[in-house]
Each structure stands twice: as C-alpha cells, then as structure tokens.
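Asker: I'd like to ask some things about the structure below.
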Amino acid sequence: MDKNFKNIDFKKIEDMVEDDLDFRNQLLDAIQAAVEELRSTYIRGIEEKSLPTIKQARHKIKPTLGLFDLEKLAIIIGNGKRLMLEKGFDEGIEAHKNEFLEAANDVLKEVKNYR
Amino acid sequence: MCINLLIVDDSDVDILIVEDAISEFSDTINFKSFSHPENFLSYIESIHPEMFRMEKFIIISDINMPKINGFEMLERIRAQPQMALVPIIMFSSSSSHQDALKSLSLGANAYLTKPLHIDTYQKLICNTIEFWKHHLQA
C-alpha cells in the first residue's frame, strides 16, 4: 500500500469520551472486540471460501470502520471485496489474507498501546 | 413520564454510541441494552402485559445479528398483542431497499441506516427519540 493510511483515529475517541476514563476504556474494549470478531470471521470466510460469511463480517464492522477512521483496514477490505468478486478465492487471496491480518493486528496493537 | 428505551444490537460499539448520545435524556429515559436478541425476547416475555399499557416503550434494533436476526425478532415482537403499538425502529448499516421494505412490512415504524460519522449518528438517535417521546406523550 503506497500511502500511509491511518490504522485508527484516537482523536475521534477522545472527542467522544470527553475525559471520561471509564467510558474511554469501555469504548476501546468494544472496538477491540469488534476488530477481533472481524479478524476471526473474515479469515474463516476466506478459508471456507464463503462470500456470505465475508459479507456478514464486512457489514458488521462497517460502522466502526467509519466512525473511528480505521482507514487502512477499510481500504484493504474494500480491495478484498473487488478481488473476491472478480477472481474468487484463488488468485491473490493469500496475499490479501496476509495484508488483512497485518492491518487488523496493527489496529489491535495500537489500541492496546494506547491504553 | 419516563420512557423505556430498549436497544438490541450485538455491537458493543454501537450500544456505547447510543448510550452516550442519549445521556442528555437521562432524567426522562430508562435505557436498557441487549447484545443478544434472545435475551431481549426473554425480557419482553417477562414483563407483565399490563406494563405496556401503563408505561411507554421505544425499541431500536439492529438487523444483522447471529442466531435470531432483527427480522425474526421483529416478527416475534409484533405477534404479541401487547406489543402492537410499541414503536420499533430498525437501525442497520445496510442501506438495502429490500431490508428496509422487509422491516416495514413486518411492522417496523421506521428504518434508519447507521451513519458513518459520530456526530450524525448521535444526532439521528437523539432526534428519533425526541420525536417518539413527544408522540408517545401526546
């Protein structure tokens, strides 16, 4: 990926929680759980070559991606959608899977380090 | 009069955003959230039918949830006579025409797509609740 896209925008979280530490932790927990769920469902979808599973995972994470600017993950998922629709689960899917895993893990690492 | 706002959404992120949005109504809204539709249905069944006549309820529900999805839940709620007039707003990240039509056909009072900006998301929730609050209190 050429440009440096954001993994997550913590400013949006700070604007929302307004110095409420408990609320901030709850929100970070919820974002972490959402990305972990995405990671497991999306990878299962690739391994089972199941477009409905991938679609469900994509659908479920959509608000979180937009609300907190998980830009890199959103772009990779968008590229994956095009790849799967055009080429199925063969050509290029392994590289996409690795790129997706790296992006999901980067978000989780940033959330963990931010606490 | 206090309104009981019941939210059903398996995403904790969405529940927290709604909870934060409605904090300004804290003195007029009793808020209860459910991550699992089956828990919500059990809760509804545990309430005495008379309560739905004495108190006011608003239900906001996601659609895409595991085990029991929002459509099935909606169907089961509307099948209960005491729930016939409770406002139900379906709130989904899907902008699909079919999802909206199906929700409304099954008895939802409104279908809203989840915005992707926090301010818009929270404003939409507040305006929706404000509208139904006035409607129920009229």
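Read the figures in this text as sums done on the coordinates, not as results from a lab. Please read all numbers here as calculations on a predicted model, not as lab measurements. Quick reminder, even Gly has a Cβ in these numbers, built from the backbone with ideal geometry, and neighbours come from all protein chains shown.
Asker: Any idea what the dipole of the range B:37-138 comes to, in debye rounded to 20, about its Cα centre with Lys/Arg Cβ at +1 and Asp/Glu Cβ at -1?
Answerer: 160 debye
Asker: Follow-up. Any of A:12/A:49; B:67/B:123; A:60/A:97; A:11/A:112 with alpha carbons more than 25 Å apart? Name them for me.
Answerer: Too far apart for the 25 Å limit: A:12/A:49; B:67/B:123.
Asker: In whole Hz, with x marking every Gly and Pro, tabulate ³J(HN,Hα) for the range B:76-83 from phi via Karplus 6.51 cos²θ - 1.76 cosθ + 1.60, θ = phi - 60°.
Answerer: Whole-Hz 3J(HN,Hα) from phi for the range B:76-83: 5, 5, 5, 6, 8, x, 5, 9.
Asker: Ordered by packing density, taken as the mean number of other Cβ atoms within 10 Å over each peptide's residues, highest first, how do B:86-92, B:53-59 rank?
Answerer: Highest-to-lowest ranking by the protection proxy: B:86-92, B:53-59.
Asker: Identify all aspartates and glutamates with a Cα-Cα distance to residue B:102 below 13 Å; exclude those on the same chain that are fewer than 8 residues away in sequence.
Answerer: B:72, B:75
Asker: Next question. Take every Cα pair under 8 Å in the range B:1-88 that's 6+ residues apart, average their separations, divide by the length, and report that relative contact order as a whole percent.
Answerer: 37 percent
Asker: Here is a follow-up. Provide a whole-number value for the mean count of partner chain Cβ atoms within 10 Å of the Cβ atoms in peptide B:118-124.
Answerer: What the average comes to for B:118-124 is 2.
Asker: Continuing with the same structure: What's the percent breakdown of Cα-Cα distances in the protein assembly as shown across 10 Å bins, shortest bin first?
Answerer: The calculated distribution, bin by bin, is 7, 29, 33, 21, 9, 2, 0.
Asker: Could I ask something else about it? Which value in Å does the Kirkwood hydrodynamic radius of the range A:61-115 take, with 1/r averaged over all unlike C-alpha pairs and then inverted?
Answerer: Averaging 1/r across every pair of different Cα atoms and inverting gives 12.0 Å.
Asker: Any idea which of B:52, B:82, B:18 is furthest toward the positive side of the dipole for the range B:11-96, if Lys and Arg beta-carbons carry +1 and Asp and Glu beta-carbons -1?
Answerer: Working it through, the farthest residue towards the positive pole turns out to be B:82.
Asker: Given labels modelled 7 Å from the Cα in the Cβ direction, how far is it in nm from residue A:75 to residue A:25?
Answerer: Computed distance between label sites residue A:75 and residue A:25 equals 3.5 nm.
Asker: What is the gain in length, in nm to one decimal, between residue B:136 and residue B:19 on full extension, counting 0.36 nm per residue of separation less the C-alpha to C-alpha distance? Intermediate values should be presented prior to the final figure.
Answerer: Values: separation 117, 0.36 × 117 = 42.12 nm, distance 2.06 nm.
The span from residue B:136 to residue B:19 would gain 40.1 nm if fully extended.
Asker: Further, regarding this structure: Round to the nearest 0.05 the FRET efficiency obtained for residue B:45 and residue A:87 when R0 = 45 Å and r is the Cβ-Cβ distance. Walk me through the intermediate numbers first.
Answerer: Working: r = 48 Å, r/R0 = 1.07.
E(calc), rounded to 0.05, equals 0.40.
Asker: Normalising by the residue count of chain A, find the relative contact order in percent from Cα pairs under 8 Å and 6+ residues apart.
Answerer: Details: 89 pairs, mean separation 42.3, N = 115.
37 percent.
Asker: If the chain between residue B:67 and residue B:80 were fully stretched, how many nm would it gain, using 0.36 nm times the residue separation less the Cα-Cα distance?
Answerer: Residue separation times 0.36 nm, minus the Cα-Cα distance, leaves 2.6 nm.
Asker: Rounded to the nearest 20 debye, what is the charge dipole size of the protein assembly as shown about its Cα centre when +1 sits on each Lys and Arg Cβ and -1 on each Asp and Glu Cβ? Show your work: numbers first, answer last.
Answerer: Values: 30 positive and 41 negative charges, 149 e Å.
It comes to approximately 720 debye.
Asker: Could I ask something else about it? Before anything else, pin down the relative contact order of the range B:38-132: Cα pairs under 8 Å, at least 6 apart, normalised by residue count, whole percent.
Answerer: 26 percent
Asker: With +1 on each Lys and Arg Cβ and -1 on each Asp and Glu Cβ, how big is the dipole of the range A:35-111 about its Cα centre, in debye rounded to the nearest 20?
Answerer: Using Cβ point charges on Lys, Arg, Asp and Glu, the range A:35-111 gives about 340 debye.
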